[in-house]
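Everything below concerns the one structure shown next.
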Protein chains: 2
Amino acid sequence: MSDQSRVDFQVDPSRYRHWRLTVDGEVATLAMAVDEDGGLVPGYELKLNSYDLGVDIELNDAVQRLRFEHPEVRVVVLTSGREKIFCAGANIKMLATSSHPWKVNFCKFTNETRNGIEDATANSGQIWLAAVNGTASGGGYELALACEHILLIDDRSSVVSLPELPLLGVLPGTGGLTRVTDKRHVRRDVADYFATRAEGVGGRKAVLWRLVDEVAPRPSWDDAVAARAADLAARSHRPGATSADGVALTPLGKSVEADSITYRHVTARLDRGGGAVDITVTGPDAAAPDDVASLQKLGADSWPLAMTRELDDLILDLRINEPELGTWVLRTSGDPDLVLSWDDLLYGSASDWLANEIVHYYKRTLKRLDVTSRSLIALIEPGSCFAGSLLELALAADRSFMLSGVFEDDDRSKYGAAGAEGGPAEHVPAVIVVSSANLGALPMANGLTRLETRFYGDANQLAAVTARAGQALAAEESAELGLVTFAPDDIDWTDEIRVAMEERASFSPDALTGLEANYRFTGPETMETKIFGRLTAWQNWIFNRPNAAGPAGALRRYGTGQRADFDRKRV
Amino acid sequence: MSDQSRVDFQVDPSRYRHWRLTVDGEVATLAMAVDEDGGLVPGYELKLNSYDLGVDIELNDAVQRLRFEHPEVRVVVLTSGREKIFCAGANIKMLATSSHPWKVNFCKFTNETRNGIEDATANSGQIWLAAVNGTASGGGYELALACEHILLIDDRSSVVSLPELPLLGVLPGTGGLTRVTDKRHVRRDVADYFATRAEGVGGRKAVLWRLVDEVAPRPSWDDAVAARAADLAARSHRPGATSADGVALTPLGKSVEADSITYRHVTARLDRGGGAVDITVTGPDAAAPDDVASLQKLGADSWPLAMTRELDDLILDLRINEPELGTWVLRTSGDPDLVLSWDDLLYGSASDWLANEIVHYYKRTLKRLDVTSRSLIALIEPGSCFAGSLLELALAADRSFMLSGVFEDDDRSKYGAAGAEGGPAEHVPAVIVVSSANLGALPMANGLTRLETRFYGDANQLAAVTARAGQALAAEESAELGLVTFAPDDIDWTDEIRVAMEERASFSPDALTGLEANYRFTGPETMETKIFGRLTAWQNWIFNRPNAAGPAGALRRYGTGQRADFDRKRV
């Protein structure tokens, strides 16, 4: 699969092959009707509303657009456009024939999309209702689990099920095991029985076991869905905006060359020899408008929204298309004060629906970075603007370097300052600034801010840093406060970074993935960290074991009529 | 390694090959001096105080005996009996040549032992002090991390390090990644740098980075250790018992036959054809004494201590010696009232040091069961005594069956009632009883009781169950309260259990391991669940990947002079 052409995450409803999106006042309906012949990669048919990455790319697009383009929508009804089948989950043949990295990447993205559905319900007041009008099995049921409410049709044949273990010898990989117990509070022995019962559960028993919230028979199905949607809409806290206020997510300007990917505010230079990518986020070129009403006029052109969309797309692009580029170097370029002017506007206007959406979108994009299996190194140099919201990029990094002083000459290595074009800023030492954007609005998956995570268990240090909010901090001070890892001067800079980069590139990529997945989520755990940290790790292991992926494994033998041949040793 | 003779977990200080245990008043010293030629399995030398399972079996024994045999000990000094080396961690050649199941089992046991050290510090007031008198690398540093306080010798050569990632392409697998950030509050970027720096960190920098608590130079080393030990002893809450009160952990009576393992209170029948083990715990044959002082006289013969030691040994034995027996059937046999009389004595006497030790030991044994990668099925039949502390066995199970009514005739399958020898109890329906033992004293690794875990997010149901504490509950009532999974009657019992057993045996063992590891720890996470759930799962994955375990992988090539050849794709 690695030979296929570049996967593109940009799409819009006019090009959907697998979904039908309709909006009727405060209720949107998203109907899944997967085109069997529309697989992203040749070699499988997407029967029974099963999905592959391409189907989920459209779903992700729909989740995003509903939030930005449809402020009037308070309820999203997720249903099937097919008869008797809601969704059969991830396509088995696709999984069985995919490489391990592809499977893992696919699962990560689908998990992020489902978390995005929960985020829309929680933070946009766009409440998702699963109208399960046919059987929902495996990933199909997990999709319903991401919704706030599950209504199942009661027709003596439609069931919900998690048949992965009995049929395929793998786990439900999109949060199913975590959500049944931790979200829906299904008792763990009942959950165990359910996940080993390939045939699933329907009707009243599905309600009794808490697998769904309610059932409705076919004759009254449409009324039941409409009634539940109206009820949920009444509970929504979405601000009373109208469709006229929506912001169109216009196509991104993106140029992909052999060794670069360029957007308006974000650029990536691909260093294939060094196994690295140099990512530069450029700050705003003007101060934010004075009032939040002007945000609406700027729409998708406003710096924070445009930058976030570009960064989000770049992360997705590099993750799936450039797996061998194992280190991402994060830089910024611009004026810290201009970044802070936008932060002031956005982070002080949480009651404005659009400001709220932009902040949550940036939050989700940073979360995507947190679960990205690449080493993240932030370089903070003269001309950079790691202030407030952009400082989060450095705080998300596994390690950061901040130049103490300035570069004394222009004879810099490739890891020297990039970005600004010879302006005077390069002759002024870099500073970083903590702002209100770092103090609560952008939590990680563990529920803590990146600063809280960084200073976990060290309330004094956190307080010392918080007390300096709004102040420009030079390198030595930043290092002393623990905000950056190292603060070398001009003499050591080039060598120190070269060694760090070369060293990182020499390590086992798998061990780095495991290390980073452990260190990035210090402290408390949540359903989200359990899904990415625990469930995913177990699934990765199982996907690698002969009992699943070997020639006689359950995943490979599914549908062949042959039973899997298991090594019975328990590990 | 699976061909070797049976691993035995029973040992005593007179037979230690690798440790020297000395007790001087309230301070015990445990010095590691590993016998290079004393490997448990042929094929490697235990150089530089590196360890294998045999070394850790002795360590586990020492941790246990100190708690029971030395009530006067308040501080345990863990140090090295070798020059300039504290401990080099798990033996690399042993790891490189072991099978995957052996490695995973080995890591699980060593993790449990280190958790046991923390449990002794927290719950026995036996505070562990790591006197790191030479370099502590990898598992050697992780051993120190399990101690409450780390004192490192400052001699310009001794360091602490986690070199697994740079040298071996695997993770520190004994909780190191979790403990540096979550226990010692090392900043995550510093922790990242530390874990990629094979040469480690010593002296003042190790203190500055919080990797150790203090350093002391060689000339004043002994004084520094003694002073710190005295300080910690003064902080201990251990009740002021004397050495005369200690309870000797006498050798266990154990008989191992081809298809059975028999102790006094615990028996296991091995069903190799069915891939299962039938475990029966027999209740006490007499009521508990009236007062806690009598416990002392009974010593290791008291029912709860003897039963716990036997169950603990059986779990360890089956886990490593019988990996193909994937389902454990848990039964009890005896009089529920007699079990409750012991619960009354123990769980009402937390201030007595010996009662406290027995309760915490049983707690740890149940935790061992929770992290055991076997399907656990509890069968509750007439003649059983699933009351209070023994009810925890059923609550630990993935699924439980309780017979409704009695067996109408004796024509029962092999899954019919076992244990009691034809006494009248078999003609009385089984009951279960919730007691104070279920309401707080026996938490799981997630910090919740098994009842709280079972009814996670359902406070009403938990309250309903708690309100019935002390009452004998029949099958229908138990099922209604959610205390058992199924309550079939005599007519369905045999078939239902046969089907469940056969089905379980037909599933992928790996997928079952992953499923159970996810479902058993509903709700909040702790350092312990992170170690077993997240860190272990990542390590399992890495251990399976060619970059570590393949012929050109880092683990296999270590020490050969050849560099590992990595597939650079990030997953």
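The values are calculated or read from the model by the stated rules, or taken from the named source; none is laboratory data. This is a predicted model, so every value here is computed, not measured. When we count neighbours, we look across all protein chains shown, and the Cβ atoms used for this are built from the backbone with ideal geometry, even at glycine. Just so you know, the surface numbers come from the protein's heavy atoms only, side chains and all, with ligands and any DNA or RNA stripped out. Shrake-Rupley method; radii C 1.70, N 1.55, O 1.52, S 1.80 Å.
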* Put a dot 7 Å past each Cα toward the Cβ at B:Asp231 and A:Asp337; how far apart are the dots in nm? -> 5.0
* Accessible surface ranking that places the most exposed of A:Phe566, A:Phe543 first, with a 1.4 angstrom probe -> A:Phe566, A:Phe543
* What part of the accessible area of chain B, given as a whole %, is carbon or sulfur when the probe is 1.4 angstrom? -> 50
* **In the range A:308-399, GluC sites (Glu not before Pro) in a DSSP loop with at most 16 other beta-carbon atoms within 10 Å** => A:Glu324
* Structure fact -> The lysines whose Cα lies under 23 Å from the Cα of A:Lys363, excluding any fewer than 8 residues away in the same chain, are A:Lys108, A:Lys183, A:Lys254, A:Lys297, A:Lys530
* Keeping every protein chain in place, order B:His265, B:His70 by accessible area at 1.4 Å, biggest value first, i.e. largest first. => B:His70, B:His265
* Asked: In the P(r) worked out for the range B:245-307, what percent of Cα pairs fall beyond 19 Å?
  -> 45
* For the protein assembly as shown, what are the per-bin percents of Cα-Cα distances with bins 20 Å wide, up to the bin holding the maximum? -> 12, 40, 36, 11, 0
* Other-copy label distances relative to B:Asp222, 7 angstrom Cα-Cβ extension, nm -> 9.2
* Structure fact -> The distance between the Cα centres of the range B:301-377 and the range A:10-56, in whole Å, is 53
* **Formal net charge of residues neighbouring B:Ala293 (Cβ-Cβ distance under 11 Å; K, R +1; D, E -1)** => -3
* To do: Take every DSSP beta bridge whose two residues both sit in the protein assembly as shown, then give the antiparallel share in percent to the nearest 5.
  => 30
* Using modelled amide H (1.01 Å from N, peptide plane; none on Pro or chain starts), what sits under 5 Å from the amide H of A:Gly334, excluding residues fewer than 5 places away? -> A:Gly283, A:Ser384, A:Cys385
* Asked: Which whole-number percent gives the relative contact order of chain A, counting Cα pairs below 8 Å spaced six or more residues apart?
  -> 12
* To do: Work out the charge dipole of the protein assembly as shown with +1 on the Cβ of Lys and Arg and -1 on the Cβ of Asp and Glu about the Cα centre, then indicate which of A:Leu95, A:Thr453, B:Ile127 is farthest towards its positive end.
  => A:Leu95
* **Amide H contacts under 5 Å for A:Arg468, placed H, 5+ residues apart** => none
* To do: Would you kindly work out, in nm and rounded to one decimal, the distances from the label point of A:Gly240 to those of the same position in each other copy, ordered shortest first, with label points 7 Å along Cα-to-Cβ?
  => 7.3
* Asked: How far is A:Asp458 from itself in the other copies, in nm, if each label sits 7 Å out from Cα along the Cα-Cβ line, shortest first?
  -> 4.3
* Asked: Based only on the alpha carbon positions, what is the Kirkwood hydrodynamic radius of chain A, in angstrom?
  -> 24.8
* To do: Show that you can apply the helix-only estimate: for chain A, add -39,500 (n - 2.57) for every DSSP H stretch of four or more residues, divide by all residues, and state [θ] at 222 nm to the nearest 500.
  => -11000 deg cm²/dmol
* To do: Heavy atoms only, probe 1.4 angstrom, no DNA, RNA or ligands counted: give me B:Ile531, B:Ile85 ranked by accessible area, highest first.
  => B:Ile85, B:Ile531
* **Cα Rg over Rh - the range B:190-263, Kirkwood** => 1.26
* From the square roots a ≥ b ≥ c of the eigenvalues of the alpha-carbon gyration tensor of the range B:72-129, which class results: rounded (a/c under 1.5), prolate (a/b over b/c), or oblate? -> oblate
* To do: Over both sides of the B-A contact, add up the buried accessible area with a 1.4 Å probe and give it to the nearest 100 Å².
  => 8700
* In Å, descending, principal axis extents of the Cα set of the range A:142-280 -> 57, 47, 25
* Asked: If you add up the charges near B:Ala548, with Lys and Arg at +1 and Asp and Glu at -1, over every other residue whose beta carbon is less than 9 angstrom from its beta carbon, what do you get?
  -> +1
* ³J(HN,Hα), Karplus 6.51/-1.76/1.60, whole Hz, each residue of the range B:291-300, x for Gly, Pro -> 10, 5, 4, 5, 4, 4, 5, 5, x, 5
* At q = 0.16 Å⁻¹, what base-10 log of I(q)/I(0) does the Debye formula yield for the range A:302-395 when every alpha carbon is treated as an equal point scatterer in vacuo? -> -0.69
